[in-house]
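The values are calculated or read from the model by the stated rules, or taken from the named source; none is laboratory data. In this text, all values refer to a predicted model and were calculated from it rather than measured experimentally. Every residue, glycine as well, gets a Cβ built from its backbone with ideal geometry; the counts of neighbours run over all protein chains shown. Protein only, heavy atoms only, side chains kept; ligands, DNA and RNA dropped before computing areas. Shrake-Rupley method; radii C 1.70, N 1.55, O 1.52, S 1.80 Å.
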Amino acid sequence: MTVQVGRRRVPLTHPDKILFPPADGSSGSGIDKAGLADYLRLVADRMLPHVREHPLALQRFPDGTGGSGFFAKKVPESAPDWVHTVTVDRVTGGSVTMLCADDVATLVYLADLAALALHPWPSRAAAPRRPVRLIFDLDPPGADDFAVVRRAALALHDLLAELELPGYPMTTGSRGVHVVVPLAARQDVDEVRAVAGAIADRLAARYPDELTTQVRKEQRHGRLFVDTLRNAYAQYAIAPYSPRPLPGAPVATPLSWDELADETLTSAQRYRIPDLADRLSTVDDPWAGLGRHARDLDPVRRRLGED
């Protein structure tokens, strides 16, 4: 089978292979490879601005979520020549050539690879050490503590507003919430990580009974970890609108702050592939114009130092 995407015909092998079995053993056929390709085409207009030109790590499940999966950073040798690739330095030395999802045709190609989760770097390929995103990762300390995540994200929103920084929330489709700050790509990755850590420390100091920046789990004592580790060089984070390889095909879904504040939001897996068509047709893009609000972090460092 081939999928016509503009002028390109993208092969889709075994389009009826089930990648997401029916959730909870319910009746139905689940989501096959062709269904994943259709979904990625549906969300492309909202996803591509956040992944285009970014090195991309893939979480692939050739036999679907019922089989084993693996992370792939290196571009497959069989990748078509029209796919954008970039060679970046590894932390441990040497380099690796990675794929960038710049267009709809590449998203369909990723469906053919059974890439069930897309993880872009926070920086673009042209300047891998200059992030355009600062990411706070908020996961619950326990299985049923999503309310703690909501409170932490809303408290972070208030702190970012004090620092005159915009923040954009997203359920991760897994356990928690990411809050993303768009950057003007003027600071090196190490500077960005330092500012992120300083903001996280300040937030945790305000709520010491609920929040912590302790990396070691045994030192958290049941508190939510305000995680800024994804801001290090060569780290990555789940893409907006990417599925997750979990039962029910949950999706990382950008939200408005009002939606996040709604107490009826009780799970990071609230939105799933079958839900997104309705959401996209009825809800304006909460992250529209995110790039226009990109910030330089130098004024933020001064504000943090003055307080």
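Could you tell me whether L40 is touching a helix residue (DSSP H, G or I) at 6+ places or on another chain (Cβ under 6 Å) and among the aliphatic types (A, V, I, L, M)?
yes
Look through G248, G291 and report the one residue that is among the small types (G, A, S), in a helix (DSSP H, G or I) and in contact with a strand residue (DSSP E or B) (Cβ under 8 Å, 6 or more places away or on another chain).
The conditions single out G291.
Looking at L260, is it within 19 Å of A161 (Cα to Cα), touching a residue at least 12 places away in the same chain (Cβ under 8 Å) and either among the β-branched types (V, I, T) or in a helix (DSSP H, G or I) (or both)?
Against the criterion (within 19 Å of A161 (Cα to Cα), touching a residue at least 12 places away in the same chain (Cβ under 8 Å) and either among the β-branched types (V, I, T) or in a helix (DSSP H, G or I) (or both)), L260 qualifies.
Please return the ranges of strands (runs of 3 or more DSSP E) entirely within the stretch 71-162 where 3 or more residues are open to solvent by less than 10 Å² (accessible area, probe 1.4 Å) and touching a residue at least 40 places away in the same chain (Cβ under 8 Å).
Ranges flagged: 95-100, 115-120, 133-138.
Being surrounded by fewer than 17 Cβ atoms within 10 Å (Cβ to Cβ), modelled with pLDDT of 95 or more and part of a strand (DSSP E or B), is that true of even one residue in the stretch 43-54?
no
Would you confirm, using the coordinates I've provided, whether V51 is touching a Pro at 6+ places or on another chain (Cβ under 7 Å) and either under 24 Å from P240 (Cβ atoms) or small (G, A, S) (or both)?
yes
Check off (1) closer than 20 Å to P140 by Cβ; (2) among the small types (G, A, S); (3) more than 19 Å from the chain's Cα centre (by Cα) for S174 and give me the number that stays unchecked.
Result: S174 passes all but (3).
Within the bounds of the stretch 195-202, is there any residue that is hydrophobic (A, V, I, L, M, F, W, C), in contact (Cβ under 8 Å) with a residue 40 or more places away in the chain and either in contact with an Asp or Glu (Cβ under 9 Å, 6 or more places away or on another chain) or part of a loop (DSSP other than H, G, I, E, B) (or both)?
Within the stretch 195-202, the first condition is being hydrophobic (A, V, I, L, M, F, W, C), and the residues that meet it are 195-196, 198-200.
Going one step further and asking which of them are in contact (Cβ under 8 Å) with a residue 40 or more places away in the chain, we end up with 195-196, 198-200.
Now restrict to residues that are either in contact with an Asp or Glu (Cβ under 9 Å, 6 or more places away or on another chain) or part of a loop (DSSP other than H, G, I, E, B) (or both): 200.
Yes: the stretch 195-202 contains one or more residues that are hydrophobic (A, V, I, L, M, F, W, C), in contact (Cβ under 8 Å) with a residue 40 or more places away in the chain and either in contact with an Asp or Glu (Cβ under 9 Å, 6 or more places away or on another chain) or part of a loop (DSSP other than H, G, I, E, B) (or both).
Which ones in the stretch 287-307 are within 27 Å of the chain's Cα centre (by Cα), basic (K, R) and more than 9 Å from P182 (Cα to Cα)?
Once the filter is applied, which keeps residues that are within 27 Å of the chain's Cα centre (by Cα), basic (K, R) and more than 9 Å from P182 (Cα to Cα), the stretch 287-307 yields only R301.
Hey, could you check the stretch 192-218 for residues that are closer than 17 Å to G142 by Cα and touching a strand residue (DSSP E or B) at 6+ places or on another chain (Cβ under 9 Å) and say which is most open to solvent (accessible area, probe 1.4 Å)?
Top of the filtered list is K217.
Looking at R270, R244 in this structure, which one is surrounded by 13 or more Cβ atoms within 10 Å (Cβ to Cβ), at pLDDT 95 or above and more than 18 Å from L36 (Cα to Cα)? Talk me through it step by step, then tell me what you get.
Values: R244 fails: more than 18 Å from L36 (Cα to Cα).
One residue alone meets the criteria, R270.
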